[in-house]
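Here the structure comes first, spelled out in structure tokens, and everything after it is commentary.
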Amino acid sequence: MDIASSIVMVLLFGLLVWLSYFDILERRLPNQLVLAVAGLGLGLALWRSMSLSSLLPLQGSLLGMLLAAGPALLFSLLYYWLRKRDGFGAGDIKLLAALGLFFGPMGIALLPLASLMATLVTLPRLLFSIDKTRWRTIAFGPYLSLAAFILLFTVQVL
């Protein structure tokens, strides 16, 4: 791993912790922070493309963004159409797109699966909680962040 990737990894880690904090407390992911994650991912892809004199890293990042956000957006629209309420927040879709810039098409297939598995840990609390109003929704950002951490440190996608 080169120095640029290491710096980006530390910055990404900090941004994801901050995003998780906001999502847990306020049930929202601030656009500025999600945009910073996207900017880091795009910047890293551009850096790699320039250093390799090839557009493949940039193309892979953009494809990862589309493969991450497309199905999530489709799921969200379908859920809203069927249930007449939001099932997947717009911030979660934007965060998935931003993380898709980092992981590309290969890593992005693992991200939703890993975050879904992490979310399953929360379901008993959601189902058996006395305070049903607080746990009616799940802050999905921390689970996306946890899945991104797992991918960063196990798969070495950066």
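The values are calculated or read from the model by the stated rules, or taken from the named source; none is laboratory data. Just so it is clear, the structure is predicted and the values come from calculations on it, not from any experiment. Positions of Cβ are generated from backbone atoms using ideal geometry, with glycine treated the same way; all protein chains shown enter the neighbour counts. Note: areas computed on protein heavy atoms with side chains; ligands, DNA, RNA excluded. Shrake-Rupley method; radii C 1.70, N 1.55, O 1.52, S 1.80 Å.
Full extension from GLN32 to LEU52: what is 0.36 nm times the residue separation minus their Cα-Cα distance, to one decimal in nm?
In short, 4.2 nm is gained.
If the elastic network links every pair of Cα atoms under 10 Å, which of LEU111, LEU42, LEU74 fluctuates the most in the Gaussian network model of the chain?
Evaluated over the chain, the most mobile residue of the options is LEU74.
For the chain, with a Gaussian network of springs between Cα atoms less than 10 Å apart, report the residue from PRO112, PRO57, PRO71 with the top mean-square fluctuation.
Sorting by GNM fluctuation, first place goes to PRO71.
Can you pull the percent of the chain's accessible area that's carbon plus sulfur, 1.4 Å probe, other chains left in place?
Looking at the chain in its full context, I get 74 percent from C and S.
Using a Gaussian network model on the chain with a 10 Å cutoff between Cα atoms, which of ALA109, ALA148, ALA45 fluctuates the most?
ALA109
Run the dipole for the range 1-106 about the Cα centre, Lys and Arg Cβ at +1, Asp and Glu Cβ at -1, nothing else charged, and hand back the magnitude in debye, nearest 20.
320
Only helices at least 18 Å long along their own axis, judged from Cα atoms, and with Kyte-Doolittle mean hydropathy of -1.0 or greater: name those in the chain from DSSP H.
3-26, 31-52, 56-83, 90-108, 141-154
With unit charges on the beta carbons (Lys and Arg positive, Asp and Glu negative) and the dipole taken about the Cα centre of the range 25-98, which residue among VAL37, GLY60, PHE88 sits farthest to the positive side?
PHE88
Which of the trypsin sites (Lys or Arg not before Pro) across the range 24-121 are loop residues per DSSP, with 11 or fewer other Cβ within 10 Å?
When the trypsin sites (Lys or Arg not before Pro) of the range 24-121 are filtered for loop state and at most 11 Cβ neighbours within 10 Å, LYS84, ARG85 remain.
Expressed as a whole percent, how much of the Cα-Cα distance distribution for the range 1-99 exceeds 18 Å?
Distances greater than 18 Å cover 54 percent of the Cα pairs.
Residues of the range 81-121 with backbone nitrogen within less than 19 Å of a virtual label 7 Å along the Cα-to-Cβ line of LEU63, please, listed as ranges.
Residues 97-112 qualify, since their backbone N sits under 19 Å from the label point.
Over the range 1-119, calculate the relative contact order: mean separation of alpha carbon pairs under 8 Å at least 6 apart, over the residue count, as a percent.
28
Could you provide, to the nearest whole Å², the per residue accessible area of the range 1-84 with probe 1.4 Å?
Result: 64 Å² of accessible area for each residue.
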